[in-house]
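Participant: Below are the structure tokens for one structure; questions will follow.
The values are calculated or read from the model by the stated rules, or taken from the named source; none is laboratory data. Here the structure is a predicted model, which means the values were calculated and not measured. Cβ: placed from backbone, ideal geometry, glycine included. Neighbour counts: every protein chain shown. The accessibility values were calculated without ligands, DNA or RNA, using every heavy atom of the protein model including side chains. Shrake-Rupley method; radii C 1.70, N 1.55, O 1.52, S 1.80 Å.
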Amino acid sequence: MLSLTSTRVKKAILHPKEAIFYIKNYLKGQTLRLKLKLGLLRVPKIAVEEGLKNYNYRFFTDNEKFLEEAANQNFIISVADKILNNEFGFLGILPKNLKHIDWREDIKSGYSWPKLFYLDLREAIARDYTKNTGRDIRNVWELSRFNYLIPLALAYYKTEDKKYLLKWQSLIGDWLEKNPVYYGPNWILAMEAAIRATNWVFSYEIIKKKLTSLYSQNEDKESTLHKLTPNFLNSFYTSLLEHGIFIFNNLEYAPVKSNHYLSDIVGLVYLGLVFQKTKQGQKWLNFAVRAIKQEIKDQVYQDGVDYELAITYHRYATELFLWSSWLLKLNEVDLGTEFWQKLKQMVNFTSSYTKPNDLAPQIGDSEDSRLHLVWENYYNWEKRNHFALLKLSIYIFENENNHKKNTSTLITSFPQAGFYLIKDKDFYLITGRNKACYGKGGSHTHNDLLSFELNYEGEDFIIDSGTYCYTSNYQDRNRFRSTRAHNTVMIDGAEQDVFWKDPFFIEQKAQLKVIEISENDKEAIITLSHNGYQRVSPPIVHQRKFSFDKTTKNLIIADSFESEGKHCLEWNFHLTPEIKLWLREQSEDSQFRDLILLGKKNKLLLTAPFCLDCAIIDDEVSPSYGVKVPAKTIRFSGFFLPAQANPFLFKIKQIKT
């Protein structure tokens, strides 16, 4: 039964159109349940046969350079050999051998979800959000996304060793046997079905390329096909068709269109091409082409930033657009000039936010979703390195130079998204954030207004504390997205925006305001404010000014406040785990205290007002989903009084040794 929680009622009031769409999908699912009970649901046999015969579409594997480069990476065989042994590790879970794969089990907590009808299970999981169960449905989904099939297929392509082919077939066959369509946790979301289907298709295209090559040289068809039997292929194509039907009937339009809906569309691009000779396939493909052109308008701001305003989700959304548009381009589907220009802007944003150490900042949720893993070691890839996106863009845009920045200026602005950077080869700072989804949703934003990340000479010093988890621990979920978990000022112990019980929603009443963005030969200045504390009494506005001296590379952060009453202030500066601290109580100026930040290669001096109390907190940061590591946080606390005119100054400069 559809649960009417207080959060859902609030969301329905905010988004009535999307709520109606959600209810329609739910009723469609109930109709489907009835058809299943009455035995009225059948997969058209002719559609499966047409899928088996359709070899006319073009795929990434037709690009020989791409395929050879992917197959000849030095980690492919070692990764494939681990997969042969059923070794799986992801989302902070160290690789472990699974003697028998339980596709419904969270391999971290050991909990296995029941094989219920997908609507019932979806509602049950939603009711568990705040219960601190310790289990994470995300771990179940990750295993069934099948990202690891691509290195397995590449190993077969490279070596022609049939053990990799047999393992590819047995993994999919085992999944098909244990995950009947519409039942169990792997059928809850269309997004999960879409990612799974695209990885099945991609890996099969690699295998098919090798099989076709071998068959052309070998008259013995049976020895070439090994164990890829017609029965398997029939089950495989039947399931792909069922995936397409499920996705199309469960499009994730509500409560706000997001990466979920975009994933659904991309899944239909792949499956529409596979089944393009059938009425259903044509329907999916025509819908997906229209939708993907619309979504790059709706879900991407004019400055090229994904409107969920979380950096890793920008990476994921950009990859969704890149892979699907490349596939459509190969098949001569015209997406139009406007689409390609916007996609280039998305790639440009990725290039801009990448730090001198090649890592991305962790603004907003960092959940590490990927459509395909081609250039990364499945067991050991740096989640904050977004190089694969830039590499993929080169194949699509070929010789076009899409992401070179004018190096004469240090400030780069993305005004619609509200991100502002000061960046050169030795210095990096990113700050700001507007409302996500035009203010309609806050699924993946944090309370991080006026927070920042800071990197000197390729070394991180001050970072975002990350995400860690979604649903396994409600307290940790809110802790890592709280104001205190970011490099900004918490006022009167309150959050910048109010959390709802739903762990995927923040109210988004706080508004970023640009005061000054300026640059000359000597300095670069970014001054922003936000009004997130209008609900405290009396209301107070926080303004932060970043001043970067181009010659000395010194940074001054000036925090000022506007209010008619007294307020408690708390600053937090979250340090990367490698940084060591030395607190020197008195600086040369009696009005300030000094802290020495010792990195692996560099040393910084942080000077803070002496009027503030200072504490070094044993804290934690999350460099990737499911991972927590110890780190230090510098916490200052004090008061704002109405008569106070001068800002609180924090000065950061390099100490040359």
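Participant: Would you confirm whether any residue within the range 81-102 is part of a helix (DSSP H, G or I), open to solvent by 60 Å² or more (accessible area, probe 1.4 Å) and at pLDDT 85 or above? Full working, then the answer.
Facilitator: Restricting attention to the range 81-102, the residues satisfying the condition of being part of a helix (DSSP H, G or I) are 81-84.
Okay, now just the ones that are also open to solvent by 60 Å² or more (accessible area, probe 1.4 Å), so 82.
Retained after the next criterion (residues that are at pLDDT 85 or above): 82.
For the range 81-102, residues part of a helix (DSSP H, G or I), open to solvent by 60 Å² or more (accessible area, probe 1.4 Å) and at pLDDT 85 or above: present.
Participant: Moving on to the next point. If you check every pair at least six apart or on different chains, which have Cβ atoms under 6 Å apart with a residue in the range 382-398 that is within 23 Å of Pro361 (Cβ to Cβ) and open to solvent by less than 40 Å² (accessible area, probe 1.4 Å) first and a residue that is assigned to a helix (DSSP H, G or I) and not aliphatic (A, V, I, L, M) second?
Facilitator: The qualifying pairs are His386/Arg315; His386/Thr350; Leu389/Arg315; Leu389/Thr318; Leu389/Glu319; Leu389/Thr350.
Participant: Hey, another quick one. Testing Leu271 on (1) in a helix (DSSP H, G or I); (2) surrounded by fewer than 23 Cβ atoms within 10 Å (Cβ to Cβ), one condition comes back false. Which one is that?
Facilitator: It fails just one condition, (2).
Participant: Right, something else. Would you tally the residues in the range 595-627 being within 32 Å of the chain's Cα centre (by Cα), not in a strand (DSSP E or B) and not β-branched (Val, Ile, Thr)?
Facilitator: So the answer is 9.
Participant: Please specify each residue of the range 57-80 satisfying the condition of being part of a loop (DSSP other than H, G, I, E, B) and among the hydrophobic types (A, V, I, L, M, F, W, C). If you could, list the steps in order and put the result at the bottom.
Facilitator: Of the residues in the range 57-80, the ones part of a loop (DSSP other than H, G, I, E, B) are 57-59, 63, 72-75.
Phe59, Phe75, listed by residue number.
Participant: Also: Before we move on, is Lys158 assigned to a helix (DSSP H, G or I), touching a residue at least 24 places away in the same chain (Cβ under 8 Å) and over 21 Å from the mean Cα position of the chain (by Cα)?
Facilitator: On the way: assigned to a helix (DSSP H, G or I): yes; touching a residue at least 24 places away in the same chain (Cβ under 8 Å): yes; over 21 Å from the mean Cα position of the chain (by Cα): yes.
Here the answer is yes, as Lys158 does meet what is asked.
Participant: Shifting gears a bit: Could you tell me how many of the residues in the range 266-309 are hydrophobic (A, V, I, L, M, F, W, C) and without any contact (Cβ under 8 Å) to a residue 60 or more places away in the chain?
Facilitator: Let us first name the residues in the range 266-309 that are hydrophobic (A, V, I, L, M, F, W, C), namely 266, 268-269, 271, 273-275, 284-285, 287-289, 291-292, 296, 300, 305, 309.
Filter once more, keeping what is without any contact (Cβ under 8 Å) to a residue 60 or more places away in the chain: 269, 284-285, 287-289, 291-292, 296, 300.
Selection size over the range 266-309: 10.
Participant: Please work out which one of (1) in contact with a Ser or Thr (Cβ under 6 Å, 6 or more places away or on another chain); (2) open to solvent by less than 10 Å² (accessible area, probe 1.4 Å) is the condition His530 fails and give its number.
Facilitator: (1)
Participant: Out of Leu171, Leu189, report the one residue that is at pLDDT 95 or above, closer than 16 Å to Lys115 by Cα and of a type in the set (A, V, I, L, M). Even if it seems obvious, please write down each step before you answer.
Facilitator: Numbers: Leu171 fails: closer than 16 Å to Lys115 by Cα.
Of Leu171, Leu189, the one residue that is at pLDDT 95 or above, closer than 16 Å to Lys115 by Cα and of a type in the set (A, V, I, L, M) is Leu189.
Participant: Restricting the search to the range 484-500, which residues are at pLDDT 95 or above, outside any strand (DSSP E or B) and among the aliphatic types (A, V, I, L, M)?
Facilitator: Ala485
Participant: Which ones in the range 330-369 are outside any loop (DSSP other than H, G, I, E, B), farther than 23 Å from Thr467 by Cα and open to solvent by 10 Å² or more (accessible area, probe 1.4 Å)?
Facilitator: Leu330, Thr337, Glu338, Trp340, Gln341, Lys342, Lys344, Gln345, Asn348
Participant: The conditions are (1) surrounded by fewer than 16 Cβ atoms within 10 Å (Cβ to Cβ); (2) without any contact (Cβ under 8 Å) to a residue 40 or more places away in the chain, and Ser547 fails exactly one of them. Which is it?
Facilitator: Every listed condition holds for Ser547 apart from (1).
Participant: On to the next question. Please indicate, with yes or no, whether at least one residue in the range 140-150 is touching a Ser or Thr at 6+ places or on another chain (Cβ under 6 Å), modelled with pLDDT of 95 or more and surrounded by 20 or more Cβ atoms within 10 Å (Cβ to Cβ). Outline the logic, then answer.
Facilitator: Quick first cut of the range 140-150, residues touching a Ser or Thr at 6+ places or on another chain (Cβ under 6 Å) only: 149-150.
From what's left, modelled with pLDDT of 95 or more: 149-150.
From what is left, the residues that are surrounded by 20 or more Cβ atoms within 10 Å (Cβ to Cβ) are 149-150.
Within the range 140-150, one or more residues are touching a Ser or Thr at 6+ places or on another chain (Cβ under 6 Å), modelled with pLDDT of 95 or more and surrounded by 20 or more Cβ atoms within 10 Å (Cβ to Cβ).
Participant: Let me ask something additional. Quick check: is even one residue across the range 487-497 surrounded by fewer than 20 Cβ atoms within 10 Å (Cβ to Cβ), within 16 Å of Lys435 (Cβ to Cβ), free of Cβ contacts under 8 Å to residues at least 60 places away in the same chain and not polar (S, T, N, Q)?
Facilitator: Within the range 487-497, none of the residues are surrounded by fewer than 20 Cβ atoms within 10 Å (Cβ to Cβ), within 16 Å of Lys435 (Cβ to Cβ), free of Cβ contacts under 8 Å to residues at least 60 places away in the same chain and not polar (S, T, N, Q).
Participant: While we're looking at this one, here's another question. With respect to Ser537, is the statement that it is of a type outside the set (Lys, Arg), part of a loop (DSSP other than H, G, I, E, B) and closer than 24 Å to Pro647 by Cα true?
Facilitator: Details: of a type outside the set (Lys, Arg): yes; part of a loop (DSSP other than H, G, I, E, B): yes; closer than 24 Å to Pro647 by Cα: yes.
In short, yes.
Participant: Right, here's the next one. Can you pull out every residue in the range 153-184 that is open to solvent by less than 10 Å² (accessible area, probe 1.4 Å) and either more than 21 Å from Lys99 (Cα to Cα) or among the small types (Gly, Ala, Ser) (or both)?
Facilitator: Hits for the range 153-184 are Ala153, Leu154, Ala155, Tyr156, Gly184.
Participant: Something else now. Could you say which residue among Leu171, Leu165 is more than 23 Å from Leu285 (Cβ to Cβ), over 27 Å from the mean Cα position of the chain (by Cα) and part of a helix (DSSP H, G or I)? Quick ask: steps written out before the conclusion?
Facilitator: Values: Leu171 fails: over 27 Å from the mean Cα position of the chain (by Cα).
Checking each option against the conditions leaves just Leu165.
Participant: Test of understanding: among Lys509, Lys522, Lys513, which residue is closer than 24 Å to Leu606 by Cβ, surrounded by fewer than 19 Cβ atoms within 10 Å (Cβ to Cβ) and not small (Gly, Ala, Ser)?
Facilitator: Working: Lys509 fails: closer than 24 Å to Leu606 by Cβ; Lys513 fails: closer than 24 Å to Leu606 by Cβ.
After ruling out the rest, the residue left standing is Lys522.
Participant: Has the range 254-263 got any residue that is β-branched (Val, Ile, Thr), open to solvent by 10 Å² or more (accessible area, probe 1.4 Å), assigned to a loop (DSSP other than H, G, I, E, B) and within 27 Å of His446 (Cα to Cα)?
Facilitator: Let us first name the residues in the range 254-263 that are β-branched (Val, Ile, Thr), namely 256.
Okay, now just the ones that are also open to solvent by 10 Å² or more (accessible area, probe 1.4 Å), so 256.
Subsequent filtering for residues that are assigned to a loop (DSSP other than H, G, I, E, B) retains 256.
Then drop every residue that is not within 27 Å of His446 (Cα to Cα), which leaves 256.
Yes, the range 254-263 contains a residue that is β-branched (Val, Ile, Thr), open to solvent by 10 Å² or more (accessible area, probe 1.4 Å), assigned to a loop (DSSP other than H, G, I, E, B) and within 27 Å of His446 (Cα to Cα).
Participant: Going by what's in this entry, would Glu376 be described as within 14 Å of the chain's Cα centre (by Cα) and under 30 Å from Pro95 (Cα atoms)?
Facilitator: Details: within 14 Å of the chain's Cα centre (by Cα): no; under 30 Å from Pro95 (Cα atoms): yes.
Judged against the criteria, Glu376 is not a match.
Participant: Pick from the range 465-483 the residues that are under 25 Å from Asn139 (Cβ atoms) and assigned to a helix (DSSP H, G or I): which of them is most open to solvent (accessible area, probe 1.4 Å)?
Facilitator: Within the range 465-483, the subset under 25 Å from Asn139 (Cβ atoms) is 465-482.
Subset that is assigned to a helix (DSSP H, G or I): 474-480.
Details: Tyr474: 35, Gln475: 104, Asp476: 23, Arg477: 2, Asn478: 27, Arg479: 86, Phe480: 4 Å².
If we take residues in the range 465-483 being under 25 Å from Asn139 (Cβ atoms) and assigned to a helix (DSSP H, G or I), then Gln475 is most open to solvent (accessible area, probe 1.4 Å).
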